[in-house]
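Visitor: Sending over a structure as structure tokens; questions will come in a sec.
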Number of protein chains: 2
Amino acid sequence: MKTNISLEEAQTLLLALAKPVKEGYVSLFDATGRVLSQDIQAGQDLPPFAKSPLDGYALQAKDTEKVAQLGSVKLSVIEEIRAGYLPAKKVTSGTASKVMTGAPVPAGADVIIKYEAVERNGDYITISDILNAGSNIIQAGEDIKKGETVAYKNNLLSPSLIGLFAGIGLSKVPVFNKVRVAILSTGDELLDPAQELQPGKIYNSNLHSLRALCLKLGTEPIAFGIVADKQAVTAERISQALMVSDIVITTGGASVGDYDVVLDALKQMAANIIFWKVDMKPGSPVIAAEKNNKLIIALSGNPAAALITFNLIVVPLLKKMMGLACQLPLRISAVFADNFPKQSPQRRFLRGRIYRQDEKNYIKLTGEQSNGILKSMITCNALIDIPANSGPLCVGQKVSAVLVGNIDERTAAVLPGL
Amino acid sequence: MKTNISLEEAQTLLLALAKPVKEGYVSLFDATGRVLSQDIQAGQDLPPFAKSPLDGYALQAKDTEKVAQLGSVKLSVIEEIRAGYLPAKKVTSGTASKVMTGAPVPAGADVIIKYEAVERNGDYITISDILNAGSNIIQAGEDIKKGETVAYKNNLLSPSLIGLFAGIGLSKVPVFNKVRVAILSTGDELLDPAQELQPGKIYNSNLHSLRALCLKLGTEPIAFGIVADKQAVTAERISQALMVSDIVITTGGASVGDYDVVLDALKQMAANIIFWKVDMKPGSPVIAAEKNNKLIIALSGNPAAALITFNLIVVPLLKKMMGLACQLPLRISAVFADNFPKQSPQRRFLRGRIYRQDEKNYIKLTGEQSNGILKSMITCNALIDIPANSGPLCVGQKVSAVLVGNIDERTAAVLPGL
């Protein structure tokens, strides 16, 4: 068992062990936000046939050459073709078929002229333009050719990609299964917020914040409730959670106290302990273990510490398991626009908010930085990475920060510099 | 009925008419991504009582003053208090209680010293430090005070906010209902991708791409299927859709052709037509109408045009209905890193991809720009806004672009300048 390792070593060790979950097929109706498990080749052309982009007349371009001498040509309209219906007749010299937007181009025709550019009298049209063959025709396969690779394994299924799949007749897509994340809170002091508060007890916030993060990420959280600070019970609940999930996350009891039972519970289960403690503040007490090829990550019970280590250590892991190619959080440099008078003997992550001003990134602290304080997480969009043995931080210092959580529009709004 | 109005006028007209949907209460388990409909005041302190941030001993600070003369003081340990349990005894001069992390601070004690800083022998501890009252105690309400406003109406419910609500014992939150968006595709030529392809028909991609966009945004899409290009049937289906939704979006049949029946269908329903056609390319044929205080927006049937107008016109509307304070898409300026040889007599939106290089935003076209082409939407993260009467665009020109869809991490990665 390694101990007191760096955040980067923890990330590397876990990403090497994490494997994408199994694959399956889902309907396009369930595909939003899922991740492709295979490259996708188009099974047909898009569009599947040559069609008209407008309401007009399909004819032979060479018929319009006579306009040069005669000033105009007159063609007989032989049928009207609507979108969704097949042409019944072939266009020959001297004839034209009326075509509606999206209608198949009739055989024999090689150009379409728009409705407004012709004069119609009864069953005849008069044309005064010389047309080039191919004009105003959307060719079969113009958007996508049969056999063309349209998307790749590890691509996130966006609305446009889902639309494109529908367009090529793909109603089911190969995706990685949803990662099932069991979340278990340890602590005799915990109550569910739906319960009445009792003296000496506190409400369990970690289950709710981590569950919401899992949902936002596109995984399937399984709320495994609260377990007492007893080694045997904790071992049993973790074992149960492992059976129905792909990864188990616990909070609380991961430190060195007399009632920090998670490490012993994992040993009792004969789990392979990968590491214990990461050299960072807050959130140092993290245990990573493996059992039956599944990972168990035990986080601190302090609400802010749990959220921060979840973002820095668990989220990259979950992204790998989801099948995403890009896993580690984004790093941004910014100018510190605040004062933080404390020394940092240990590597520390401070909760901050990046904003953009005069084409530069600035970052301010979002409030109290203690392990247990949740309020400063609310407006936090980045964690300032303070190296060990740093002195006080002053206005104007350059800092490096890690973007946390999904980027929301409010976050993006402050970044690009409008 | 207004016609051929600017995009900005269309947005303004519709945002003035759109109202947030009704409010309700949801469990924290269903709150992720929802929008608050009321300000939230904390009903209790967080934490609810003074507690210990570490494993240690609770005692009276004045007892440690004697360390100055004696070098150390010896205190009798009267009990052990675990997290979740109440102290049974009061700490008096000469005594201390062992406290575990999270345990309530016993009456009489005003300081906590960490476990590692004392020497324990049997029922006694020896202390060699002079301590200040209040040290190592998390005071009741240190994170949040009872009555404090912790979140505001129109706030998006993030994971941290959900965790904070759990922490203050709020198990149900007031939110705006999910906006129900009925999506209806018109067109005799359309097939669902699960059906077998027939000659002259194409697969309906709009339902799937728009449905996925609605899901990503956090609304509840209702797939209303495909309706034939017949006025009476279209009017009937739109009326049915209005009954079960908050807004109806149709695609196809919104232009001027013989089989573009949506405008007439809306008139037949006695809907109030707000405008028809927006001065932009692609996606000019947009109809906005109102019936029974609900909006109906009819978009072009061309897949790219439908996606673009949905992003520019419908998304702001849906955000207003969801209760979000920020509705219009973000605008970014960038350097055009491509060539586009065509003139743009009409205002035009080109599909592009913004990326960051040397601290600057650049944008390239993502491929073919025709109305029907879906492929260039796949990697598109911004629409370049080309004013009417523009000439060809060259490398190096400054352009203005509108970010489309939700900002994903890939998009953000190219924006902030790492």
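The values are calculated or read from the model by the stated rules, or taken from the named source; none is laboratory data. Keep in mind it's a predicted model, so treat the numbers as computed, not measured. Every residue, glycine as well, gets a Cβ built from its backbone with ideal geometry; the counts of neighbours run over all protein chains shown.
Visitor: Are any residues in segment A:279-289 in a strand (DSSP E or B) and more than 12 Å from A:SER255 (Cβ to Cβ), and if so, which ones?
Guide: Those that are in a strand (DSSP E or B) and more than 12 Å from A:SER255 (Cβ to Cβ): A:LYS281, A:ALA288, A:ALA289.
Visitor: Do we find a residue being surrounded by fewer than 19 Cβ atoms within 10 Å (Cβ to Cβ) and modelled with pLDDT under 95 anywhere in segment B:280-290?
Guide: Within segment B:280-290, none of the residues are surrounded by fewer than 19 Cβ atoms within 10 Å (Cβ to Cβ) and modelled with pLDDT under 95.
Visitor: Kindly indicate which of B:LEU197, B:LEU164 is part of a helix (DSSP H, G or I), farther than 30 Å from B:VAL244 by Cβ and not small (Gly, Ala, Ser). Spell out the reasoning first.
Guide: Values: B:LEU197 fails: part of a helix (DSSP H, G or I).
After ruling out the rest, the residue left standing is B:LEU164.
Visitor: Being assigned to a helix (DSSP H, G or I) and buried (at least 17 other Cβ atoms within 10 Å of the Cβ) is the filter here, so list the residues in segment B:240-268 that pass it. Break it down into steps so the answer makes sense when it comes.
Guide: Our first condition is that a residue be assigned to a helix (DSSP H, G or I); within segment B:240-268, this holds for B:240-244, B:262-268.
Hits for segment B:240-268 are B:ALA241, B:LEU242, B:VAL262, B:LEU263, B:ALA265, B:LEU266.
Visitor: Being more than 26 Å from B:GLY147 (Cβ to Cβ) and acidic (Asp, Glu), is that true of even one residue in segment B:36-49?
Guide: No; the residues of segment B:36-49 include none that is more than 26 Å from B:GLY147 (Cβ to Cβ) and acidic (Asp, Glu).
Visitor: Moving on to the next point. In segment A:200-225, what residues are over 25 Å from A:ASN381 (Cα atoms) and either in a loop (DSSP other than H, G, I, E, B) or in contact (Cβ under 8 Å) with a residue 24 or more places away in the chain (or both)?
Guide: A:GLY200, A:LYS201, A:ILE222, A:ALA223, A:PHE224, A:GLY225
Visitor: To continue, here is another question. Quickly run through segment B:356-370 and pick out the residues that are on the phi < 0 side of the Ramachandran plot and at pLDDT below 80.
Guide: B:ARG356, B:GLN357, B:LYS360 - these are the residues of segment B:356-370 that are on the phi < 0 side of the Ramachandran plot and at pLDDT below 80.
Visitor: Same structure again: Just to be sure I understand, how many residues within segment A:88-105 are among the charged types (D, E, K, R) and out of contact with any strand residue (DSSP E or B) (no Cβ under 8 Å at 6 or more places or on another chain)?
Guide: 1
Visitor: Determine which member of the set A:ILE274, A:ILE296 is modelled with pLDDT of 95 or more, surrounded by fewer than 21 Cβ atoms within 10 Å (Cβ to Cβ) and either in contact with an Asp or Glu (Cβ under 8 Å, 6 or more places away or on another chain) or among the charged types (D, E, K, R) (or both).
Guide: Values: A:ILE296 fails: surrounded by fewer than 21 Cβ atoms within 10 Å (Cβ to Cβ).
The match here is A:ILE274.
Visitor: Mind checking whether some residue in segment B:170-189 is part of a loop (DSSP other than H, G, I, E, B), within 27 Å of B:ALA271 (Cα to Cα), in contact with a Cys (Cβ under 9 Å, 6 or more places away or on another chain) and more than 9 Å from every other protein chain (Cβ to nearest Cβ)?
Guide: yes
Visitor: Only one of (1) buried (at least 23 other Cβ atoms within 10 Å of the Cβ); (2) assigned by TED's automatic domain parsing to the domain that holds A:ALA254; (3) modelled with pLDDT of 95 or more is not met by A:PRO303, so which one is it?
Guide: For A:PRO303, the failing item is (3).
Visitor: Additional query: With in the same structural domain as B:GLN240 (by TED's automatic domain parsing), part of a strand (DSSP E or B), among the aliphatic types (A, V, I, L, M) and within 28 Å of the chain's Cα centre (by Cα) as the only criterion, which of B:LEU295, B:LEU317 stands out?
Guide: Of the residues listed, the single one that is in the same structural domain as B:GLN240 (by TED's automatic domain parsing), part of a strand (DSSP E or B), among the aliphatic types (A, V, I, L, M) and within 28 Å of the chain's Cα centre (by Cα) is B:LEU295.
Visitor: While we're looking at this one, here's another question. For residues that are in contact with a helix residue (DSSP H, G or I) (Cβ under 9 Å, 6 or more places away or on another chain), more than 30 Å from B:VAL244 (Cα to Cα) and in a strand (DSSP E or B), tally how many sit in segment B:148-161.
Guide: Looking only at that region, the number is 2.
Visitor: Now, a different point. Filter segment A:69-115 for residues that are among the hydroxyl-bearing types (Ser, Thr, Tyr) and more than 14 Å from every other protein chain (Cβ to nearest Cβ) and give the result.
Guide: Of everything in segment A:69-115, those that are among the hydroxyl-bearing types (Ser, Thr, Tyr) and more than 14 Å from every other protein chain (Cβ to nearest Cβ) turn out to be A:SER72, A:SER76, A:THR92, A:SER93, A:THR95.
Visitor: Something else: Do we find a residue being aromatic (Phe, Trp, Tyr) and either touching a Cys at 6+ places or on another chain (Cβ under 9 Å) or in a strand (DSSP E or B) (or both) anywhere in segment A:17-31? Steps first, answer last, please.
Guide: The first filter runs over segment A:17-31 and keeps only residues aromatic (Phe, Trp, Tyr), leaving A:25, A:29.
Next cut, either touching a Cys at 6+ places or on another chain (Cβ under 9 Å) or in a strand (DSSP E or B) (or both) only: A:25.
Yes, some residue in segment A:17-31 is aromatic (Phe, Trp, Tyr) and either touching a Cys at 6+ places or on another chain (Cβ under 9 Å) or in a strand (DSSP E or B) (or both).
Visitor: Now for a separate question. Among the candidates A:PRO159, A:PRO199, A:PRO193, A:PRO221, which residue alone is more than 8 Å from chain B (Cβ to nearest Cβ) and at negative phi?
Guide: Step by step, each of A:PRO159, A:PRO199, A:PRO193, A:PRO221 is checked, and only A:PRO221 is more than 8 Å from chain B (Cβ to nearest Cβ) and at negative phi.
Visitor: What number of residues within segment A:226-250 are more than 9 Å from chain B (Cβ to nearest Cβ), in contact (Cβ under 8 Å) with a residue 24 or more places away in the chain and closer than 30 Å to B:PRO87 by Cβ?
Guide: 9
Visitor: Follow-up. Within segment B:30-52, does at least one residue satisfy the condition of being closer than 24 Å to B:PRO106 by Cβ and touching a helix residue (DSSP H, G or I) at 6+ places or on another chain (Cβ under 6 Å)? Spell out how you get there, then give the answer.
Guide: Step one: list which residues in segment B:30-52 are closer than 24 Å to B:PRO106 by Cβ, which gives B:44-52.
If we keep only those that are touching a helix residue (DSSP H, G or I) at 6+ places or on another chain (Cβ under 6 Å) too, we end up with B:46.
Yes, segment B:30-52 contains at least one residue that is closer than 24 Å to B:PRO106 by Cβ and touching a helix residue (DSSP H, G or I) at 6+ places or on another chain (Cβ under 6 Å).
Visitor: Restricting segment A:320-343 to residues that are small (Gly, Ala, Ser), touching a residue at least 60 places away in the same chain (Cβ under 8 Å) and buried (at least 16 other Cβ atoms within 10 Å of the Cβ), which is nearest to the other protein chains (Cβ to nearest Cβ)?
Guide: Per the stated criteria, the residue is A:ALA334.
Visitor: Somewhere in segment B:400-411, is a residue facing chain A (nearest Cβ under 9 Å), under 21 Å from A:GLY167 (Cβ atoms), at pLDDT below 90 and crowded, with 18+ Cβ neighbours inside 10 Å? Give the steps one after another, and end with the answer.
Guide: We begin by selecting, within segment B:400-411, every residue facing chain A (nearest Cβ under 9 Å); these are B:403, B:405-411.
Next cut, under 21 Å from A:GLY167 (Cβ atoms) only: B:405.
Remaining after also requiring at pLDDT below 90: B:405.
With crowded, with 18+ Cβ neighbours inside 10 Å added as a condition, the list becomes B:405.
Yes: one or more hits.
Visitor: Right, next: Conditions first: (1) at pLDDT 95 or above; (2) over 19 Å from B:ILE137 (Cα atoms). B:MET1 passes all but one, so which condition is the exception?
Guide: (1)
Visitor: With B:ILE308, B:ILE296, B:ILE384 as the choices, which residue is touching a Gly at 6+ places or on another chain (Cβ under 6 Å) and over 26 Å from A:GLY33 (Cβ atoms)?
Guide: Going through B:ILE308, B:ILE296, B:ILE384 in turn, the sole match is B:ILE384.
Visitor: Scanning for something over 29 Å from B:ASN177 (Cα atoms) and either touching a residue at least 12 places away in the same chain (Cβ under 8 Å) or within 14 Å of chain A (Cβ to nearest Cβ) (or both), does segment B:6-20 turn up at least one residue?
Guide: yes
Residue-wise test of (1) in a loop (DSSP other than H, G, I, E, B); (2) within 23 Å of A:GLY218 (Cβ to Cβ); (3) in contact with a helix residue (DSSP H, G or I) (Cβ under 8 Å, 6 or more places away or on another chain).
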residue: A:ALA270; (1), (2), (3): yes, no, no
residue: A:TRP276; (1), (2), (3): no, no, yes
residue: A:ALA306; (1), (2), (3): no, yes, yes
residue: A:LEU328; (1), (2), (3): yes, yes, yes
residue: A:ALA334; (1), (2), (3): no, no, no
residue: A:TYR362; (1), (2), (3): no, no, no
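Visitor: Which ranges mark the strands (runs of 3 or more DSSP E) fully within segment A:48-131 that have 1 or more residues being surrounded by fewer than 17 Cβ atoms within 10 Å (Cβ to Cβ) and in contact (Cβ under 8 Å) with a residue 40 or more places away in the chain?
Guide: A:73-81, A:111-114, A:118-121, A:124-127
Visitor: Which numbered condition in (1) polar (S, T, N, Q); (2) in contact with a strand residue (DSSP E or B) (Cβ under 7 Å, 6 or more places away or on another chain); (3) more than 25 Å from B:SER52 (Cβ to Cβ) is the only one that A:GLN357 fails?
Guide: (2)
Visitor: From (1) in contact (Cβ under 8 Å) with a residue 24 or more places away in the chain; (2) surrounded by 22 or more Cβ atoms within 10 Å (Cβ to Cβ); (3) not hydrophobic (A, V, I, L, M, F, W, C), pick out the condition that doesn't hold for A:GLY163.
Guide: Evaluating A:GLY163 over (1) in contact (Cβ under 8 Å) with a residue 24 or more places away in the chain; (2) surrounded by 22 or more Cβ atoms within 10 Å (Cβ to Cβ); (3) not hydrophobic (A, V, I, L, M, F, W, C) leaves (1) as the failure.
Visitor: For segment B:376-384, state whether one or more residues are at pLDDT 90 or above, more than 12 Å from chain A (Cβ to nearest Cβ), surrounded by fewer than 20 Cβ atoms within 10 Å (Cβ to Cβ) and out of contact with any Lys or Arg (no Cβ under 7 Å at 6 or more places or on another chain).
Guide: Looking for residues that are at pLDDT 90 or above, more than 12 Å from chain A (Cβ to nearest Cβ), surrounded by fewer than 20 Cβ atoms within 10 Å (Cβ to Cβ) and out of contact with any Lys or Arg (no Cβ under 7 Å at 6 or more places or on another chain), one finds none in segment B:376-384, hence no.
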